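Written below as structure tokens is the structure these notes are about.
The values are calculated or read from the model by the stated rules, or taken from the named source; none is laboratory data. Computed from a prediction, not measured in an experiment: that's the story for all the values here. Methodologically, a virtual Cβ is constructed for each residue, glycine included, from the backbone with ideal geometry; neighbour enumeration extends over all protein chains shown.
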Amino acid sequence: MKARLLVVSVLVALVVALATPSFAQVVASDAYQVNYYIQAPCVTPQPLGSPLSALFTINTGQVGSPIDAPTAHGTVCADIYVFDTNQEMLECCSCPVTANGLLAMAVCPNLTGNALTGVSPAIGVIKVVADQPTGGLCDARSINSPVNGGLRSWRTTITGASRLSLVGLSENHFQSAPLTAQEQQFLGQACAFVTYLGSGRGTCRCTAEREAADLVAD
């Protein structure tokens, strides 16, 4: 595992080193969102009453509506990239969200429970890119058609003995940032390296949109 991590670090550094100044070009002004997370130790099952930190993402309906053709429904891919505080990508995945749909993913276990390193840090960075499916599929390894305004995301923390009571609910809105060609290439290639070298690790777990209510009821 240490050897794999060294290879990942070298390859990611190579991607950055090969990036040229032309990649500073902005390819999407409002398709890229960033935030941080703080999470209690990621163990399964989580102790009863432990804080729940989660990512909530809404499809704003920029590319279609729920009554579009069954194969479309205005779907936007939430390309998700999770980093530790050493700027190392731990996990990545791409989750389809239909128009007006709500995606809800617990930081633990969905985003940090399968880290490439085998360690789930208590604090880190989450990046989300709104992207259109390619051939009907979502793939975080390649950001092809960013969708401006396609997604809006929040990091939510719920504390208390019963999550249904929403005791201690706090929310923090993801901040929008320009997506440059350099970052577009880096995120996709780093994700490809992580998933390839992880041998099963390094891939976060998407949830179905209908699981949003189950998340807070657990």
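Here Tyr32 meets each of (1) at pLDDT 80 or above; (2) surrounded by fewer than 20 Cβ atoms within 10 Å (Cβ to Cβ) with one exception, condition (2). Among the residues of segment 118-143, just one is modelled with pLDDT under 95, surrounded by fewer than 19 Cβ atoms within 10 Å (Cβ to Cβ) and of a type in the set (S, T, N, Q), namely Thr134.
Could you check, for segment 157-171, whether at least one of its residues is at pLDDT 95 or above and surrounded by fewer than 19 Cβ atoms within 10 Å (Cβ to Cβ)? For segment 157-171, residues at pLDDT 95 or above and surrounded by fewer than 19 Cβ atoms within 10 Å (Cβ to Cβ): absent.
Residues in segment 75-120 that are in contact (Cβ under 8 Å) with a residue 60 or more places away in the chain, more than 20 Å from Leu137 (Cβ to Cβ) and hydrophobic (A, V, I, L, M, F, W, C): Val82, Met89, Leu90, Leu102, Ala104, Ala106, Val107, Cys108, Leu111, Ala115, Leu116.
For segment 79-102, the criterion of being part of a loop (DSSP other than H, G, I, E, B), closer than 28 Å to Gln182 by Cβ and among the charged types (D, E, K, R) is met by at least one residue.
Select from segment 193-218 the residues that are farther than 16 Å from Ala78 by Cα, modelled with pLDDT of 80 or more and either surrounded by 12 or more Cβ atoms within 10 Å (Cβ to Cβ) or among the aliphatic types (A, V, I, L, M) (or both) and list them in ascending order. Hits for segment 193-218 are Phe193, Val194, Thr195, Tyr196, Leu197, Gly198, Arg201, Gly202.
Could you check, for segment 176-189, whether at least one of its residues is part of a loop (DSSP other than H, G, I, E, B) and touching a residue at least 60 places away in the same chain (Cβ under 8 Å)? Let's see the steps before the verdict.
Kept after step one, since they are part of a loop (DSSP other than H, G, I, E, B), are these residues of segment 176-189: none.
Looking for residues that are part of a loop (DSSP other than H, G, I, E, B) and touching a residue at least 60 places away in the same chain (Cβ under 8 Å), one finds none in segment 176-189, hence no.
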